[in-house]
Structures are given as C-alpha cells and as structure tokens.
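Structure, as structure tokens:
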Amino acid sequence: MKVIETYLKGCFIIEPPVFKDKRGSFMVCFDQQQFQEKTGVTTTFVLDNQSISDFGGLRGLHMQKDEYSQVELVIVTQGKVLDVVVDVTKNSPTYGDSFSMILSSEDNNQSYIPEGFLHIFSIIEDNTVFSNICDNYYNTDAKVGVVYNDSDLNIDWVLKEDEVILSEKDKSLIDFREFRRL
C-alpha cells in the first residue's frame, strides 16, 4: 500500500496494491496495520455507506461536528468521481483550502479524510458506486454543510452548472462565510 499525504495535514491518498492474473484481479482495500506504520494514525471504522449515482450527481459539502465528527475512507468501486475536501479544522494554517482528486474504479485510489474536513463528491460517470467508510456513527443533528458552489471556496467541479443534480437539502446549505461563524 502506498500512502501519500496531501498538503492538507492528515488527509491522505491511498494507492492499494492490486494483483492481476488471468482470473481477474484482487485488491487489498485497506490494511490498518500498514496504514498506521506509514502515517502514525490509528483508525477503527464502524460504519460503511454506499451510494450509486449517475453523471451530474453531487453529494456534499458535509461533515459531522463535535463528538460526532467522522474520519472517512472513500473508495469508488465502479465509475468515476471528483472527490473534494475542505479543511475547516480550527486554527489550521490551511483553513478554507481544498484538495480535489479524481477517484475511479480504474485507478483504485482512495481518499482518507480526517476529522475537521468538509467532504463532497461529484459524479462524472454514470452508474458510479461510491463507498464511504467512517469511524463514527451518523447523527443527523450533528450534520453541517456548505453550499457546493460557494464563491469563497472557488472549487472547479468538472461539471457545468446545468449538469449538477442536488438534493433539496444540499440546495439549502449555508455559505462558507456563515459556516465560519458557527
């Protein structure tokens, strides 16, 4: 397993080993021992979510706050997404900065997202299967978020505005300036 830390502290790209032969392929999705040895980070996952979405779907910018904060490991098992995180860790020198990368079933890369980060992904291929594995349980009352197209964040979504498909809840999220006051 190859682990690369992004410029956002605690946020990693994981390149798992894939073994191929005439039968197909085998991949070690996550190895806690190797991850800990390479990063010094220990995480115990307790919740595994999966979504199936078509082109244009956009899910986020969300996070859970306080004692319900979550570490996430995200994996695309079919299709392709643009995965984006925004650092909102208090007193972080990169507060408000974002990091994005393409995750796909072709390259098998994963994103490890620590607590204190908003997370969102846009689907850029039909019939995409996205797994989100978390170290804490979901709590609806602890969920906070920022509208995806906030001008202060200036994130390039790869999608045109008329291609974006949002839930009603995501349409009503607050802007980043208001989020900063929470």
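The values are calculated or read from the model by the stated rules, or taken from the named source; none is laboratory data. All values reported here derive from a predicted model rather than from experimental measurement. Glycine also receives a Cβ, built like all others from the backbone with ideal geometry; neighbour counts cover every protein chain displayed. To get the accessible areas, we keep the full protein, side chains included, count just its heavy atoms, and leave off ligands, DNA and RNA. Shrake-Rupley method; radii C 1.70, N 1.55, O 1.52, S 1.80 Å.
Okay, here's what the table says:
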item	result
Nitroxide proxy distance, nm - points 7 Å out along Cα→Cβ at D21 and S131	2.2 nm
The stretch 1-57, accessible area per residue, ligands and nucleic acids excluded (1.4 Å, Å²)	67 Å²
In range of the label at T42: residues from the stretch 121-148 whose backbone nitrogen is under 14 Å from the point 7 Å along Cα→Cβ	none
Simple spin-label estimate for M101 and K2 in nanometres, 7 Å along Cα-Cβ	1.0 nm
Value of relative contact order over the chain, rounded to a whole percent, pairs C-alpha under 8 Å and six or more apart	28 percent
The stretch 1-101: proportion of alpha-carbon pairs further apart than 18 angstrom, %	59 percent
Cα-based equivalent ellipsoid, the chain: semi-axes from gyration tensor eigenvalues, Å	26, 21, 14
Fully extended contour minus Cα-Cα distance, from L182 to Q78, at 0.36 nm per residue	33.8 nm
Solvent-accessible heavy-atom area per residue, rounded to whole Å², over the stretch 78-182 at 1.4 Å	51 Å²
Nearest-10 value in Å² for the accessible area of E106, using the 1.4 Å probe	150 Å²
Solvent-accessible area, 1.4 Å probe, carbon plus sulfur percent, for the chain	46 percent
Expected 222 nm ellipticity per residue - DSSP helices of 4 or more, -39500 (n - 2.57), all of the chain, to 500	-2000 deg cm²/dmol
Tail beyond 19 Å, pair distance distribution of the stretch 80-182 (Cα, percent)	48 percent
